[in-house]
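Below is one structure, written out as structure tokens, with a few remarks after it.
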């Protein structure tokens, strides 16, 4: 018995839809992975907002076209040790130079701009967008 063209298309339609859905899902994951990254909070410098063991999603593209704003929580490269990454709150931005002052919420446990001075835009890795696992 010969299949008509319509029957073949009806039979293949779910395959095409599945392939399209898989392609869109892969593209979405790829875009997400290029824009966002996850970070683990270590230490008590950001308590009470963030705790040791919290997991964060960081927007790596947040500051490609704009400066951070006071109050943003950011991941930055430690200016004293560039391979080390720190999580701090933006305290202020110097208007003419764009230098960013970073501070930990827990001043007694934080090494921040009080110790190493302001950081440049190049030190900023991204803005914390979500905490998806709370350690407590």
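The values are calculated or read from the model by the stated rules, or taken from the named source; none is laboratory data. Computed from a prediction, not measured in an experiment: that's the story for all the values here. Cβ placement follows ideal geometry from the backbone for every residue including glycine, while neighbour counts extend to all protein chains displayed.
Worth a mention:
- Cβ-Cβ distances below 9 Å connect the following pairs, each with a first residue in the stretch 71-89 that is at positive phi, a second residue that is at pLDDT 95 or above and surrounded by fewer than 20 Cβ atoms within 10 Å (Cβ to Cβ), and a separation of six or more residues or different chains: 71/91.
- Residues of the stretch 89-136 that turn out to be assigned to a loop (DSSP other than H, G, I, E, B) and farther than 13 Å from residue 48 by Cα, as a count: 11
- For residue 85, the stated conditions do not hold, so it cannot be described as part of a loop (DSSP other than H, G, I, E, B) and either modelled with pLDDT of 95 or more or under 15 Å from residue 111 (Cβ atoms) (or both).
- One residue from 81, 85, 94 being under 20 Å from the mean Cα position of the chain (by Cα) and surrounded by fewer than 17 Cβ atoms within 10 Å (Cβ to Cβ): 85
- Filter result for residue 124 (touching a helix residue (DSSP H, G or I) at 6+ places or on another chain (Cβ under 9 Å) and closer than 21 Å to residue 56 by Cα): no
- Residue within the stretch 60-68 that is assigned to a helix (DSSP H, G or I) and surrounded by 12 or more Cβ atoms within 10 Å (Cβ to Cβ) present: no
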